[in-house]
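Report on the following structure.
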Amino acid sequence: MQRQNIRRNNDVSHDGHRIRLTDLVEKAGIENVSNIQSVEFFLTYIFPRGDVNPLAHRLLDRYGNFGNIIDASVNDLIKVDGLNKRSAKKIKLFGELMYLYSSSKMTKSLSINNTGEFLDAMEELLRFHNTESLFLFAFDHGYNFIQKRRYDLKQVREVGIDPLEFYEFIYSTRLSYLAVAHNHPSGTALPSPDDHNAVHRIDSLMVNLSCEFFDSFIVGRDGIYSQRQESFVRIFESVDNIINFIQTKH
């Protein structure tokens, strides 16, 4: 009986801490709390009860920041004391929810005629994600967004684009224009030989189809590159770039 009372008192204490933490995040904003508090707040969604503060410390000690925690593999996460395969999967799949949030904001009002808006969408989808992904975007004859499809870029590079799946996307969406985008999470957006080959492959698949391959974009750490224009269409300003810019002005 005494042990049960201690457990209940601990639960009440932890519940009170969670309420205070939630109120703090709501009031200050998630970007204005400490790294420990932000990770701890996130973990309350993974673990409905209990003290997750020690686990937040262990995760930050191992991975350094929230983004690295989400990008870690399940097999690596389960090495952290306090995580099993199920909870590690929940953490890993949170990245999918982030993709869903970004993707759901892409409505049919999006148009490739509005270049800035489309670049904003690609930046949000791909700039801050360490998972390599490839997107196909379908647009109608008025350049309005219809639908998109996401692929694991590593798998695409290993086995190539499946022609049947590619054609199914084109015919099911009845697109007039196709745009492609993928990311280079840890490097420049400049295209590699594989990227050039992939564009040639898509061009060959679209021969004799009543639609057009609009462009292929690469999102890297330094900006967004257009393979059709063979140039950067957006530059991401890093701290080094800003410092260099200031130095050249003085």
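The values are calculated or read from the model by the stated rules, or taken from the named source; none is laboratory data. This is a predicted model, so every value here is computed, not measured. Cβ atoms come from the backbone with ideal geometry, glycine included; neighbour counts cover every protein chain shown.
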Practice prompt. Tally the residues that are aromatic (Phe, Trp, Tyr) and modelled with pLDDT of 95 or more, restricting the search to region 215-250.
Written response: 3
Practice prompt. Starting from residues that are of a type in the set (Lys, Arg) and exposed (fewer than 12 other Cβ atoms within 10 Å of the Cβ), keep the ones in region 25-67 and report whichever is modelled with the highest pLDDT.
Written response: Lys27
Fill in: Selection count where residues are charged (D, E, K, R) and touching a residue at least 24 places away in the same chain (Cβ under 8 Å), scope region 126-173
6
Discussion item. Criterion first (crowded, with 17+ Cβ neighbours inside 10 Å, touching a Ser or Thr at 6+ places or on another chain (Cβ under 8 Å) and among the hydrophobic types (A, V, I, L, M, F, W, C)) does Leu153 satisfy it?
Written reply: yes
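Does at least one position in region 206-215 carry a residue that is assigned to a loop (DSSP other than H, G, I, E, B), surrounded by 13 or more Cβ atoms within 10 Å (Cβ to Cβ) and touching a Lys or Arg at 6+ places or on another chain (Cβ under 7 Å)?
Within region 206-215 (the criterion being assigned to a loop (DSSP other than H, G, I, E, B), surrounded by 13 or more Cβ atoms within 10 Å (Cβ to Cβ) and touching a Lys or Arg at 6+ places or on another chain (Cβ under 7 Å)), the answer is no, since none of the residues qualifies.
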Discussion item. Can you pull out every residue in region 126-145 that is over 17 Å from Ser176 (Cα atoms) and modelled with pLDDT of 85 or more?
Written reply: Leu126, Arg127, Glu132, Ser133, Leu134
Worksheet item: Looking at this structure, is Tyr177 at pLDDT 95 or above, in contact with a strand residue (DSSP E or B) (Cβ under 7 Å, 6 or more places away or on another chain), over 22 Å from Ile146 (Cβ atoms) and of a type in the set (Ser, Thr, Tyr)?
Response: no
Worksheet item: Do the conditions hold for Leu164, that is, is it under 21 Å from Ile46 (Cα atoms), aliphatic (A, V, I, L, M) and assigned to a helix (DSSP H, G or I)?
Response: no
Discussion item. Going residue by residue through region 174-188, is there one that turns out to be among the aliphatic types (A, V, I, L, M), crowded, with 18+ Cβ neighbours inside 10 Å and over 18 Å from Ile218 (Cα atoms)?
Written reply: yes
Worksheet, complete the sentence: Reported set for region 215-237 where residues are hydroxyl-bearing (Ser, Thr, Tyr) and touching a helix residue (DSSP H, G or I) at 6+ places or on another chain (Cβ under 8 Å) is Ser216
Practice prompt. Scan Thr131, Thr188 and give me the residue that is in contact with a helix residue (DSSP H, G or I) (Cβ under 8 Å, 6 or more places away or on another chain), outside any strand (DSSP E or B) and among the hydroxyl-bearing types (Ser, Thr, Tyr).
Written response: Thr131
Worksheet item: Does Leu190 satisfy being farther than 26 Å from Ile146 by Cα, assigned by TED's automatic domain parsing to the domain that holds Glu117 and at pLDDT 95 or above?
Response: yes
